[in-house]
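The values are calculated or read from the model by the stated rules, or taken from the named source; none is laboratory data. In this text the structure is predicted, and so the values were computed from the model without any measurement. All Cβ positions, glycine included, derive from the backbone under ideal geometry; neighbour counts span all protein chains shown.
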């Protein structure tokens with residue numbers, strides 16, 4: 001089944017609704033000695049949403065209320081968000097996160113799920129899907145890392161200044177680092193301001209400079225380079241690639257390559273920058289709804305053939 005033709009005209013930003021501000025339920029569970037957190041809402045087939053850097057499950061706060069007929073689980077990467085303390089003295093690389101994600105799915109007794117990822121989370125779900133393709137019912141990538149597209153220049157600059165960043169006051173990290181990333185990564189200024197407040201809170205609670213540098217030091221491009229040539233093996237899995245094509249961090253040519261490797265259309269968000277789940281939640285939710293429907297249709301077709 002081919003996905004519908006992608007929308008190419010930029011939609012107007014809808015006015016915020018009450019649904020945008022409904023908070024999903026926060027959950028926690030001990031998974032092999034790691035206290036893992038996620039936010040959950042809805043009922044139906046499981047859809048796992050994975051954030052990137054420097055965000056948290058709150059990245060998906062505007063997407064989750066718009067998706068229908070699914071159990072949505074926004075997983076928090078180990079060492080990120082309010083799980084920052086769990087990352088101390090642990091491997092928090094993208095490669096390791098994929099293993100943590102699969103362990104967490106085991107703990108929740110979720111055999112198969114749609115996996116969706118943004119930024120680093122896109123790398124996590126790629127690796128998880130390649131390690132255990134039978135666990136991946138569908139795959140959505142939006143402005144995700146992959147191939148040799150990362151770390152981006154601003155992150156490399158922060159890595160080179162690590163000793164300084166680690167000792168910066170929290171207020172300086174917020175205004176000098178986070179505000180810059182949000183301003184450059186959002187095409188909606190009001191959402192950028194709200195995003196800063198949403199995502200900086202955990203860093204402020206857990207030592208902003210030190211926490212950020214621990215995350216940056218764990219970034220290794222080989223995590224995605226080592227699996228890049230295997231991505232076409234996922235072409236039999238329903239997928240969507242949705243991209244803000246004005247992104248200065250993860251450029252559209254990487255998204256186009258994902259689409260080719262996965263054998264799907266490249267869905268453009270004209271004028272969209274990096275943080276698509278926050279600036280364009282309606283587009284990400286629509287892609288998820290379409291993907292969930294395709295997964296269900298394929299499952300029904302397989303069931304009919306087996307009988």
Self-check item: Out of 237, 292, 284, sole residue that is farther than 25 Å from residue 147 by Cβ and in contact with a strand residue (DSSP E or B) (Cβ under 9 Å, 6 or more places away or on another chain)
Solution: 292
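Could you check segment 241-267 and list, in sequence order, the residues that are surrounded by fewer than 17 Cβ atoms within 10 Å (Cβ to Cβ), more than 19 Å from residue 181 (Cβ to Cβ) and touching a helix residue (DSSP H, G or I) at 6+ places or on another chain (Cβ under 7 Å)?
Restricting attention to segment 241-267, the residues satisfying the condition of being surrounded by fewer than 17 Cβ atoms within 10 Å (Cβ to Cβ) are 246, 248, 251, 253, 256, 260, 263, 265.
Right, trim to more than 19 Å from residue 181 (Cβ to Cβ) and you get 253, 256, 260, 263, 265.
265 - this is the single residue of segment 241-267 that is surrounded by fewer than 17 Cβ atoms within 10 Å (Cβ to Cβ), more than 19 Å from residue 181 (Cβ to Cβ) and touching a helix residue (DSSP H, G or I) at 6+ places or on another chain (Cβ under 7 Å).
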Exercise. Exactly one condition in (1) part of a strand (DSSP E or B); (2) touching a helix residue (DSSP H, G or I) at 6+ places or on another chain (Cβ under 8 Å); (3) free of Cβ contacts under 8 Å to residues at least 60 places away in the same chain is not met by residue 27; state its number.
Key: (2)
Self-check item: Long-range neighbours under 6 Å by Cβ, at least six apart or interchain, first residue under 21 Å from residue 115 (Cβ atoms) within segment 292-307, second surrounded by fewer than 11 Cβ atoms within 10 Å (Cβ to Cβ) and modelled with pLDDT under 85
Solution: 294/1
Quiz item: If you go through segment 89-110 one residue at a time, how many are out of contact with any strand residue (DSSP E or B) (no Cβ under 9 Å at 6 or more places or on another chain), part of a loop (DSSP other than H, G, I, E, B) and farther than 17 Å from residue 56 by Cβ?
Solution: 4
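Identify, from the list 211, 204, 129, 183, the residue that is in contact with a helix residue (DSSP H, G or I) (Cβ under 8 Å, 6 or more places away or on another chain), in contact (Cβ under 8 Å) with a residue 12 or more places away in the chain and within 26 Å of residue 243 (Cβ to Cβ). First the steps, then the outcome.
Details: 211 fails: within 26 Å of residue 243 (Cβ to Cβ); 204 fails: within 26 Å of residue 243 (Cβ to Cβ); 183 fails: in contact (Cβ under 8 Å) with a residue 12 or more places away in the chain.
Going through 211, 204, 129, 183 in turn, the sole match is 129.
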Quiz item: Within segment 61-73, can one find any residue that is in a helix (DSSP H, G or I), at negative phi, surrounded by 24 or more Cβ atoms within 10 Å (Cβ to Cβ) and touching a helix residue (DSSP H, G or I) at 6+ places or on another chain (Cβ under 9 Å)?
Solution: yes
